[in-house]
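Encoded as C-alpha cells, the structure appears first; notes follow it.
The values are calculated or read from the model by the stated rules, or taken from the named source; none is laboratory data. Quick caveat: nothing in here was measured; it's all calculated off a predicted structure. Cβ placement follows ideal geometry from the backbone for every residue including glycine, while neighbour counts extend to all protein chains displayed. Ligands, DNA and RNA are stripped out before the accessible areas are found, and what is left, the full protein with its side chains, is counted by its heavy atoms. Shrake-Rupley method; radii C 1.70, N 1.55, O 1.52, S 1.80 Å.
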Amino acid sequence: MMSHNPAIGLVAGLAFALVASAASAHALLKTAVPAVGGTVTASPKEIRIKFSEGVEPRFSGVALASEAGVAAPIGKPSVDPADDSVLIAPVSQPLKPGVYTVTWHAVSVDTHKTQGSFNFTLAP
Amino acid sequence: MFSRTSSALAGAIGAAAAIAPFSPAFAHAICGSRVFPATLAIDDPGVSDELALPTLTYIPSNSGGAREFDASFSYTKTIVENLGLSVTYGKTWLNPGGNGWGNLDTELKYMFYCDEPHEFMASVGLDATWANTGTTGFADPFNTFSPTIDIGKGFGDLPTSLNILRPFAVTAEFSLSVPSEAHTSSISYDNFGDASLDVALNPTVFNWGFTAQYSLPYRNANISEVGGPDFLRHMVAITEFAFQTPVGNVPLGGPVTTGTIQPGLIYMADSWQIAVEALIPINPASGNHVGIVGELHFFLDDMFPNQFLGKPLFGGRS
C-alpha cells in the first residue's frame, strides 16, 4: 500500500532506484600504474588507469609528455578485457629518466565525460 | 490530496528506468578535473539534475531562544543543457513556537562559464520565494526575489611545486533578496481589547557566502595517491561561511549582519553524497548555540544518465 507521507514515498522510491539501477556515474581515476605522483625505476611499458566506472576506449584517450612538454610516443588505448574500468595505453618506446605528465580523458559507459592529469617520475 | 499525489509521484520517480542509446553527457558541477560537491549553506556553481533529500537541521537554541528543527528537500530539473529549475520546500518545528511549512522556493539557474584548464565556473540565477505557499503565520506573507551569482575555482592549475595547495577549491555566492512588499502590517489586541497596528519593515538583504574545500578525491586522482582505507579517497573537508546583511529598508537597530560558519565533511560516492556540518552562529542575532545540519544528495544525472530524470527536458547534451 502506498504511503500517505510524501517523504516516506520519495525515500522508498529512491531507495528502490538506487538498488535497481546499475552503478553508473562519472569515470573518476581511482589508481594508476605508474602511480599518481609516484616514482618508478624502469621505463613503463604501458599506462594503466583504473576508473570508478567502465569506460569507452573509442571515446577515451591518454597522452604522455616529458617535463619539457615533449610528447612521448604512446599507442591507442584499450580496456582490460577482464575489466572495462581499466584503460591501458601502451608506451611505444623506452622513456628517458625524468618527470612525465599523463593527461587522460574518458567517456564512461554511461556517457559522462571526465578528464585529468598526473605526474610520475622515472628515476635514473 | 497533497500527500497522496506526492507519494505517487515519488514512487514513479523511484521506479523510472529504461535503457537508452549511447550519447555523450556532461557532468554537473564538474569543470575540468575538478568536482565541486553539493554544499549546504550556499549553492554550488553547477547546474544538473539532482535531489537533496532530506536536508535536516537542528539548532538547540536559535536567535529567538527556541529549539529548532528543520526538514526540507530540493529538486533540480534541467530544462536545457546548463539551465535548470530548482524547487525547495521544507517544514520547521519550533519549541516553543509550533511548526509550519515555509514558503515554496524556486530558482532558475544557468551555468554560463566553465574554464576547464583553470577549473573555474560560474552561474547566474533568479531565486523566488512565493508568498502564501507556506503555513499562514509561519511563512512570510510576501514574495522575495533574489538575483544570484555562484562561482567556483579549483587550484589544480597551480604549478606542481605548490602541490600541497592544488586539492583546494573555493566557491562563492552573492545574491540580493528583494521583498515584494516594503513592510508587513498586522493588528494586535491588548488585554483590554484595544487594537494597535504593528508595522514590520521587510528589509532588502545582501546574502554573501563562500566555501573553502580540500578534496582528497582530487588529490588521489591528480597529485598523489591517498593511502589508507578507501573511504578517505571520497572525503572532502569543507568550511562554509554564509552571511546576510540588510542593505535597504533596514529595521531599527541598524544593519546587523547575521550568519553562520559551518565546518564539516562530505563523503562523495559515485552517484550520491552525504554531508554533515556544524552550524556556528557568528553573533547572538544569528543564534545562541551551535547546531548541526546534514544532507543526503543524489546526482540524478549519474543515476539516470539517459533517462528523463537525468537529462535535460529539451535538446539533450552537447
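Between B:THR245 and B:TYR58, the contour length at 0.36 nm per residue exceeds the Cα-Cα span by 65.0 nm.
Legend: residue pairs A:LYS113/B:LYS77; B:LYS91/B:LYS311; A:LYS30/A:LYS76; A:LYS50/A:LYS96; A:LYS76/A:LYS96; A:LYS50/B:LYS77, Cα-Cα distance threshold 27 Å; pairs beyond threshold, B:LYS91/B:LYS311; A:LYS50/B:LYS77. Summed over both chains, the area buried between A and B is near 3400 Å², taken from the accessible surface of protein heavy atoms with a 1.4 Å probe.
What percent do you get for the relative contact order of the range B:269-311 when only Cα pairs under 8 Å and 6+ apart count? Present the calculation step by step, with values, prior to reporting the outcome.
Values: 52 pairs, mean separation 16.6, N = 43.
Here the relative contact order equals 39 percent.
Calculated mean residue ellipticity at 222 nm for chain B: -2000 deg cm²/dmol, from DSSP H runs with n ≥ 4 weighted as -39500 (n - 2.57), summed, divided by the residue count and rounded to 500. Relative protection proxy for B:222-229, B:180-187, B:126-133, B:271-278, from highest mean packing down: B:271-278, B:126-133, B:222-229, B:180-187 (other beta-carbon atoms within 10 angstrom). Calculate the tail of P(r) for the protein assembly as shown: the fraction of all Cα-Cα distances greater than 31 Å, expressed in %. Here the tail beyond 31 Å accounts for 46 percent of pairs. Taking amide H atoms as placed 1.01 Å from N in the peptide plane, the amide H of B:ALA269 lies under 5 Å from those of B:ILE274, each 5 or more residues away in sequence or on another chain.
In what sequence, largest accessible area first, do B:ARG67, A:ARG58 appear using a 1.4 Å probe?
Working: B:ARG67 115, A:ARG58 175 Å².
Result of the area sort, largest leading: A:ARG58, B:ARG67.
By its C-alpha gyration tensor, with a ≥ b ≥ c as the square roots of the eigenvalues, how is the range B:235-318 shaped: rounded for a/c under 1.5, else prolate for a/b larger than b/c, else oblate?
Details: a/c = 4.13, a/b = 1.81, b/c = 2.28.
Note, shape of the range B:235-318 comes out oblate.
Our coupling estimate for the range A:59-65, obtained by passing each phi through the Karplus curve with A = 6.51, B = -1.76, C = 1.60 and θ = phi - 60°, is 10, 10, x, 9, 10, 10, 9 Hz, Gly and Pro reported as x. In sequence order, the range B:58-67 has phi-based couplings of 10, 10, x, 8, 7, 5, x, x, 8, 6 Hz under the Karplus curve 6.51 cos²θ - 1.76 cosθ + 1.60, θ = phi - 60°, and Gly or Pro positions carry x. Summarising the amide proton neighbourhood of B:THR39: residues at separation of 5 or more, or on other chains, whose placed amide H is nearer than 5 Å comprise B:ASP44.
Couplings 3J(HN,Hα) for the range B:138-151, derived from phi with the Karplus relation 6.51 cos²θ - 1.76 cosθ + 1.60 (θ = phi - 60°), are 10, 10, 4, x, 9, 7, 9, 10, 9, x, 9, 10, 10, 9 Hz, where x marks Gly and Pro. Give me the angle, in degrees from 0 to 90, between the Cα long axis of helix B:2-15 and the longest principal axis of the Cα atoms of chain B, rounded to the nearest 10. Helix B:2-15 sits roughly 0 degrees off the main axis of chain B.
Loop only per DSSP, at most 11 neighbouring Cβ atoms within 10 Å: give me the chymotrypsin sites (Phe, Trp or Tyr not before Pro) in the range B:59-92, ordered by residue number. Provide the component values of the computation, followed by the final result.
On the way: sites: B:PHE69, B:PHE73, B:TYR75, B:TYR89; in loops: none.
Filter output for the range B:59-92: empty list.
Check each of the chymotrypsin sites (Phe, Trp or Tyr not before Pro) in the range B:139-210 and keep only those in coil by DSSP with at most 11 other C-beta atoms within 10 angstrom; list them in order. Here the chymotrypsin sites (Phe, Trp or Tyr not before Pro) that fit, given the DSSP loop and packing criteria, are B:PHE192.
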